[in-house]
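The values are calculated or read from the model by the stated rules, or taken from the named source; none is laboratory data. What you see is a predicted model, and the numbers here were worked out from it, not measured in a lab. For neighbour counting, all protein chains shown are included, and Cβ atoms are generated from backbone atoms with ideal geometry for every residue, glycine included.
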Amino acid sequence: MSDNARRDFLKQVGITTAATVGLSSITAKADEYKSGEVQGVLVDIGVCVGCRNCERACQVAHNLPAGDPEEYHNRDVYKEFRRPSTHSLTVVNEFENPKNKLIPYDVKYQCMHCNHPACVSACIVGAFTKNRNGAVTWDTNKCIGCRYCMVACPFQIPTFEYDKAIQPKIMKCDFCFERTKEGLLPACVANCPVEALTYGNRDELLVLAKKRIARYPDKYIQKVFGEDEVGGTSWLYIAPVDFEKLMFPTLGDKPAPGVTEAIQHGIFSYFIPPLALFGWLGGVMWLSKRKKELTESETKKEEDK
Amino acid sequence: MKRKIIFTSLLIFSLVFIIVYAKVDNNKAREQKKTQASETVTQIGNKTIVPEVPNDKKYGHAMMPVDCKTCHDCEVPTKNNPCLKACPRKEFITIYHLPEEGPTVVSLDEVKGDYGAVAFSHKVHAQMSQMSGGCETCHHYNTTGPVLKCKTCHSTTRQRADISVPDLEAAFHRQCLNCHRQWSHSTDCQSCHVLKGQNIKQVEAEKLKKFKTYSHPPLTEPKKVIFKTNHQGGDYVTFFHTEHTDNFGIACKTCHSNDNCINCHDVTLKAIDQNTPVRKTHKSFQEHHDPCSKCHVQQIENNCSFCHQDQPAEAFNHLKVTGFNLAPFHTNLMCNQCHKQPGNFKNMDKNCTSCHNNFVKGKFDHKRVGIELNETHSDLDCSDCHKNNRFDKSPDCSDCHDGYAYPKQIPGKKAKR
């Protein structure tokens with residue numbers, strides 16, 4: 001009898017736990033940003049000429065030391081692959097075009113502003129924020145410099161001021177959050193001479209990207225990078241060659257912080273699972289105590305007999 | 001008094017001189033324009049290749065070398081329902097203009113930015129485009145109607161509602177940089193832009209002065225091109241260029257529409273070594289063969305040797321191969337004026353009257369073949385001398401004149417052809 005009761009109880013606890021975890025994952029989904037609000041940038045690699053105006057515009061907009069405009073047309077920098085750094089939050093790299101060596105592929109790199117950013121998830125002090133317009137920003141004052149965001153990022157974007165001994169900062173593209181707030185375009189978009197960067201609503205950009213691919217099927221490969229990668233990114237790319245050849249990582253369509261976040265957030269959301277756990281433990285304690293009492297009383301009764 | 005007379009006469013003389021000179025100059029310009037216009041018109045039989053047509057009164061705009069879908073939305077546009085796309089045209093007249101008709105220099109100053117305006121040498125660029133894409137290379141939506149301003153479709157501001165069309169700054173830069181970065185290997189701004197602070201009007205005036213008299217050197221064409229290929233057993237492909245352009249009336253852009261400026265303009269290569277062949281762009285098998293195979297479908301199907309031969313080919317000799325001499329009357333004709341069935345060049349009737357039905361007594365001017373008939377002979381029927389109306393064979397005199405034979409005796413006197 002008591003064995004059966006315990007089994008039933010365990011079953012019930014199991015179901016309630018599963019239900020709460022399930023519920024928490026549903027509530028997490030409801031928390032997502034409405035796609036209509038998310039802004040993005042479509043990068044057309046078939047159009048970019050590699051003038052690096054964006055690099056300079058970005059430096060100027062973020063008060064980083066910038067060089068003379070004409071310096072940026074020097075193409076020697078393309079000899080080696082570069083990643084965004086604390087000096088240049090966006091960089092352009094060049095790749096050979098096997099079809100026509102005179103029109104190489106130029107590719108701009110910066111933070112992709114993921115729909116489900118791993119950096120936000122990984123930050124242990126909550127310095128990172130995914131904003132409603134899609135921008136992933138961070139609060140330097142909260143940052144403790146643990147560099148977990150750098151490890152977590154699937155695109156290796158956040159950089160660290162290693163050259164500074166005192167108060168080194170994490171740096172990355174902030175989607176010109178301050179500019180867009182004032183209704184301005186991101187600095188790189190505003191300064192691209194060929195409009196290889198198009199700023200707009202992410203949903204609209206997706207439609208535009210697919211239209212462009214359909215219009216020039218010989219020019220572009222049939223893919224919009226960032227549509228599904230790690231659950232989608234604000235920045236989208238279309239290109240004439242496979243993205244692996246342009247040093248883009250091959251990523252699945254699952255958000256980078258998917259599994260860890262589901263467990264972590266599942267456990268702590270609305271404090272239901274902890275309550276359930278402690279409730280369950282309490283129940284177990286109460287049950288075992290009651291059982292003990294029962295057995296004690298029974299032995300007493302027997303003794304009384 | 002004397003001085004006054006001299007002065008007035010000098011004045012009158014100079015005035016007359018100016019007027020006459022201006023008129024001569026004007027006439028010259030008009031004539032030049034005329035010859036240019038007639039040069040560009042290409043005649044194939046009774047058909048005219050459209051981009052070269054200076055007006056479209058005879059040829060409707062449906063003959064324009066543009067995909068109908070560029071302007072029309074539906075499958076079958078009609079007059080009542082032309083289903084025109086919103087952008088951009090309303091009036092329908094021809095687009096084709098001579099390069100000289102357009103402006104010499106255009107000031108591009110609509111876009112405001114870090115750099116100043118661009119004084120664009122329009123005429124020279126238009127002249128260069130003649131060989132490849134023509135006006136449409138840049139005026140890509142100007143299929144018909146007056147030349148539209150770029151900003152009709154391309155917004156002057158980057159922040160705009162319709163992001164599907166690039167803004168004006170991007171449209172300009174895409175057009176220019178696409179070529180310029182290929183041959184200059186640079187994206188520097190100052191090769192086009194005037195530095196801020198510099199007076200655009202002054203730069204424009206300088207350019208205007210320079211390009212007023214300067215024209216792009218005439219685009220020449222080779223007589224033949226011999227390609228050395230890797231094809232085993234048939235290294236050489238000989239392409240008779242002038243035959244294709246003159247005899248078949250093929251317009252430049254039919255083959256050269258995607259030609260690259262660097263074919264002539266790779267400045268770095270020129271600086272390094274004049275003899276270095278122009279940097280080749282990679283072409284696939286299909287891209288290499290398409291220019292020929294698109295027309296010569298039947299001839300080259302499973303027959304590489306139609307083009308690939310072990311030595312450079314001789315030009316097609318009509319007399320040697322067919323026995324019919326094109327000289328002197330048929331040299332300037334296009335092939336399809338006689339060979340009317342496309343692709344079928346064999347078994348033509350060599351008899352003149354198979355084409356010339358006006359070769360009959362009284363209508364034919366015999367002087368044109370070099371002999372002016374005397375009175376006795378001009379009254380005769382053609383077949384009296386030319387048996388069975390075979391004009392390609394020597395006439396027979398022996399029917400009337402014993403022992404007479406052409407060309408020892410001629411029925412009249414020699415005349416200039």
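Residue count for region A:76-121, restricted to those that are away from every other protein chain (no Cβ under 14 Å) and assigned to a loop (DSSP other than H, G, I, E, B): 18. The residue pairs whose first member lies in region A:79-100 and is closer than 27 Å to residue B:284 by Cβ, whose second member is surrounded by fewer than 18 Cβ atoms within 10 Å (Cβ to Cβ) and of a type in the set (S, T, N, Q), and whose beta carbons are closer than 9 Å, counting only pairs six or more residues apart or on different chains, are A:99/B:281; A:99/B:284; A:100/B:281. Of all the listed residues (A:118, A:165, A:135, A:127), the sole one being farther than 28 Å from residue A:53 by Cα and within 12 Å of the chain's Cα centre (by Cα) is A:118.
Scanning region A:191-201 for residues that are under 23 Å from residue A:106 (Cβ atoms) and either without any contact (Cβ under 8 Å) to a residue 12 or more places away in the chain or not acidic (Asp, Glu) (or both) gives A:191, A:192, A:193, A:194, A:196, A:197, A:198, A:199, A:200. Looking only at region A:222-243, filter to residues that are within 22 Å of residue A:116 (Cα to Cα) and charged (D, E, K, R); which one of those is surrounded by the most Cβ atoms within 10 Å (Cβ to Cβ)? Residue satisfying both the conditions and the ranking: A:229. Only a single item in (1) touching a helix residue (DSSP H, G or I) at 6+ places or on another chain (Cβ under 6 Å); (2) assigned to a loop (DSSP other than H, G, I, E, B) is not met by residue B:198, and it is number (1). Of the numbered criteria (1) of a type outside the set (D, E, K, R); (2) outside any loop (DSSP other than H, G, I, E, B); (3) modelled with pLDDT under 95, the one residue A:59 fails is (3).
Counting the residues of region B:161-211 that are under 18 Å from residue B:111 (Cα atoms), more than 10 Å from every other protein chain (Cβ to nearest Cβ) and among the basic types (Lys, Arg) gives 2.
Mind telling me which of the residues A:95, A:81 ends up being touching a Lys or Arg at 6+ places or on another chain (Cβ under 9 Å) and of a type in the set (Phe, Trp, Tyr)? Only one candidate passes the filter, namely A:95. Of all the residues in region A:139-163, those that are surrounded by fewer than 12 Cβ atoms within 10 Å (Cβ to Cβ) and under 16 Å from residue A:88 (Cβ atoms) number 2. Residue B:129 is checked against (1) under 19 Å from residue A:53 (Cβ atoms); (2) away from chain A (no Cβ under 14 Å); (3) not charged (D, E, K, R) and fails just one. What number does that condition carry? So the condition that residue B:129 fails would be (1). Of the residues making up region B:386-396, those that are surrounded by 15 or more Cβ atoms within 10 Å (Cβ to Cβ) and touching a residue at least 40 places away in the same chain (Cβ under 8 Å) number 1.
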